[in-house]
Amino acid sequence: MKIILLGLLAVFSCSLFAQDAVDNRRTERLLRQSIKFHDPTGSWSTFHDTLFIAEPRTENPNRISTVIFNQGRDLFRLERMYGKDEIVFELELDACHWYVNGRGDLGEDELKKRRLNCSRNRNYANFYRFLYGMPMEIMDRGYKLIDGPVAVELKGQKLIKLELDIEGAPFANLWNVYFDPETGEVKAYEYFPEETDAQNNIMYLEGVVEKSGIKFPLERKWYEGQEYKGVDTVK
């Protein structure tokens, strides 16, 4: 009896292992299909261009972020108005720079008052590179498949969902990413904060804008739980 049970356990374990291997192959195929849609020439690693993004917020309804990517130099630059002041956040390799109205000679008191620190620069760079570099960033950073690929319906669309643990992703490591099954276009993504009382955040993507060979989402509508937080639009 014991031998039979051990045999059944071995068969069951082999079956699970085989299914995991199949799911991982299907996941990689889906990601490569998606990359072919968003980055058909494989240029994300050397992408050098500027995105102008309208990001209206309650406290700043006219906010526009100018985001400069120079992936080949590992350079990120964010330009944004805060009241009457233009503040620039720059990260090149691991060196941080800030400019206020074009002035770079900022003293420690001013840096502290304006909360200008390397952690903030890195967070901005990570946020914009990850969300606008999807799905290429998934492959570049490395991931662990938690569940999927699975067919789902989201806001009336039939999509394929991957549940992934993504290395170094902003906000949280656990993300659900939703793809068009025909083209591989990323249609939505959501993350699950580690705080037990925090709600999931989901972003629905609409439209496509092409810059230097990369297809970016034109609009990103952001919800925290059921609460609508705003829409980010590439100009």
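The values are calculated or read from the model by the stated rules, or taken from the named source; none is laboratory data. For clarity, every value in this text was computed on a predicted model and none was experimentally measured. With ideal geometry, Cβ positions are generated from the backbone for all residues, glycine too; neighbour counts draw on all protein chains shown. Calculation scope for accessible area: heavy atoms of the full protein, side chains included, ligands and nucleic acids excluded. Shrake-Rupley method; radii C 1.70, N 1.55, O 1.52, S 1.80 Å.
State the number of residues belonging to region 42-81 that are under 16 Å from the mean Cα position of the chain (by Cα), open to solvent by 30 Å² or more (accessible area, probe 1.4 Å) and either within 13 Å of Asp232 (Cβ to Cβ) or at pLDDT below 95 (or both). The qualifying residues number 0. If you filter region 140-166 down to residues that are out of contact with any strand residue (DSSP E or B) (no Cβ under 7 Å at 6 or more places or on another chain) and assigned to a loop (DSSP other than H, G, I, E, B), you find that the one that is most open to solvent (accessible area, probe 1.4 Å) is Gly156. Note on region 98-110: among residues that are free of Cβ contacts under 8 Å to residues at least 12 places away in the same chain and open to solvent by 60 Å² or more (accessible area, probe 1.4 Å), the one that is nearest to Arg129 (Cα to Cα) is Arg103. Could you list all residues from region 188-235 that are of a type in the set (S, T, N, Q) and touching a strand residue (DSSP E or B) at 6+ places or on another chain (Cβ under 7 Å)? Gln199, Asn200, Asn201, Ser212, Thr233 - these are the residues of region 188-235 that are of a type in the set (S, T, N, Q) and touching a strand residue (DSSP E or B) at 6+ places or on another chain (Cβ under 7 Å).
Is there a residue being modelled with pLDDT of 95 or more, open to solvent by 10 Å² or more (accessible area, probe 1.4 Å), out of contact with any helix residue (DSSP H, G or I) (no Cβ under 8 Å at 6 or more places or on another chain) and aromatic (Phe, Trp, Tyr) anywhere in region 174-185? Yes: region 174-185 contains one or more residues that are modelled with pLDDT of 95 or more, open to solvent by 10 Å² or more (accessible area, probe 1.4 Å), out of contact with any helix residue (DSSP H, G or I) (no Cβ under 8 Å at 6 or more places or on another chain) and aromatic (Phe, Trp, Tyr). Each residue in region 218-235 was checked for being within 22 Å of Pro40 (Cβ to Cβ) and open to solvent by 20 Å² or more (accessible area, probe 1.4 Å), and 2 of them qualify. Among the residues of region 209-216, is any farther than 21 Å from Tyr124 by Cα, over 18 Å from the mean Cα position of the chain (by Cα) and among the hydrophobic types (A, V, I, L, M, F, W, C)? No, region 209-216 has no match at all.
Consider Arg122 carefully, then state whether it is at pLDDT 95 or above and in contact with a strand residue (DSSP E or B) (Cβ under 8 Å, 6 or more places away or on another chain). Spell out how you get there, then give the answer.
Values: at pLDDT 95 or above: yes; in contact with a strand residue (DSSP E or B) (Cβ under 8 Å, 6 or more places away or on another chain): yes.
Here the answer is yes, as Arg122 does meet what is asked.
Exactly one residue among Arg120, Arg77 is without any contact (Cβ under 8 Å) to a residue 40 or more places away in the chain and outside any strand (DSSP E or B), and that residue is Arg120. The combined condition, being in a strand (DSSP E or B), among the aliphatic types (A, V, I, L, M), in contact (Cβ under 8 Å) with a residue 12 or more places away in the chain and more than 19 Å from Ala54 (Cα to Cα), is not fulfilled by Val208.
Of all residues in region 104-125, those satisfying the criterion of being among the charged types (D, E, K, R) and within 29 Å of the chain's Cα centre (by Cα) are Lys112, Arg114, Arg115, Arg120, Arg122.
Only one entry in Asp85, Asp39 is within 19 Å of the chain's Cα centre (by Cα) and either under 30 Å from Asp105 (Cα atoms) or open to solvent by less than 30 Å² (accessible area, probe 1.4 Å) (or both), namely Asp39. In region 88-97, the qualifying residues are those that are at pLDDT 95 or above and acidic (Asp, Glu), and the one that is surrounded by the fewest Cβ atoms within 10 Å (Cβ to Cβ) is Glu92.
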